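A short worksheet on the structure shown next.
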Amino acid sequence: AKPSFVNRRFRQPLSRIHSQTLPSTMSDSEYVIESSDAGASATIPMEAGAIKKGGFMMIKGKPCKVLSISVSKTGKHGHAKCNFLAVDIFTGKKLEDMVPSSHGTTVPVVVRTEWEIIDIGEDDELTLMDEGGNQKTDINLPSYPDTMAKEIREAWAEGENQVSCSVQGAVGIEQVISFKKEA
């Protein structure tokens, strides 16, 4: 028997679509949250002409701090070009990018937090604590600049001194960028 009305979207008789039943309850094993972020993006779009010296931008997939900007005049195609000279905020490597000023580029969301060093492990892993008592154990001593890891170990002196550090995070990467020995 041919159905009298066929749903155009699914190419099935309506009776077949409505007769399918869905499970009414879900067990805990079926409902697993993979990540706990609020859905915020690691980067935001911005017009290239709006980026300022000292600001941040993504170049070749790396979060960078802009050192200098030079703007060329409009050419026969009508776009002024911005030439960015920037340094990678995690490796210190200089990068360059040229983007038309009216075109969009991406800017990383950079977050800086203060932590106190509780312990330094043998494999350079840090145990940090913030003012609220929250602990963080997923950060290692920095590899850039070259001498900073050694300086932090010397300042900490196997727990004899109180040392606080600044952790900078962007695009899912976190790294210690500065430290100071408390009096």
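Need the C-alpha centroid separation for the range 45-98 versus the range 109-164, integer Å. After rounding, the separation between the Cα centres reads 31 Å.
Modelled spin labels at Y144 and D130, positioned 7 Å past Cα toward Cβ, are 2.5 nm from each other. Qualifying GluC sites (Glu not before Pro) in the range 140-183, where qualification requires a DSSP coil assignment and no more than 10 other C-beta atoms within 10 Å, comprise E160, E182. Using the Cβ-Cβ distance between S166 and S102 with R0 = 35 Å, the FRET efficiency computed as 1/(1 + (r/R0)^6) comes to roughly 0.50. Our compactness index for the range 41-109, the C-alpha radius of gyration over the empirical 2.2 N^0.38 Å, is 1.06. Apply 1/(1 + (r/R0)^6) to the Cβ-Cβ distance of K76 and K53, taking R0 = 30 Å, and write down the FRET efficiency to the nearest 0.05. Between K76 and K53 the formula returns 0.60.
For E47, the residues 5 or more places off, or on other chains, whose built amide H falls under 5 Å of its own are T105. Under the convention that each Lys and Arg Cβ holds +1 and each Asp and Glu Cβ holds -1, the size of the dipole of the range 57-117 around its Cα centre is about 380 debye.
FYI, it's all coordinate maths here, none of it is from the lab. Small disclaimer: the values here were computed from a predicted structure and weren't measured. Don't worry about glycine lacking a Cβ; one is built from the backbone with ideal geometry, like all the others, and counts go over all protein chains shown.
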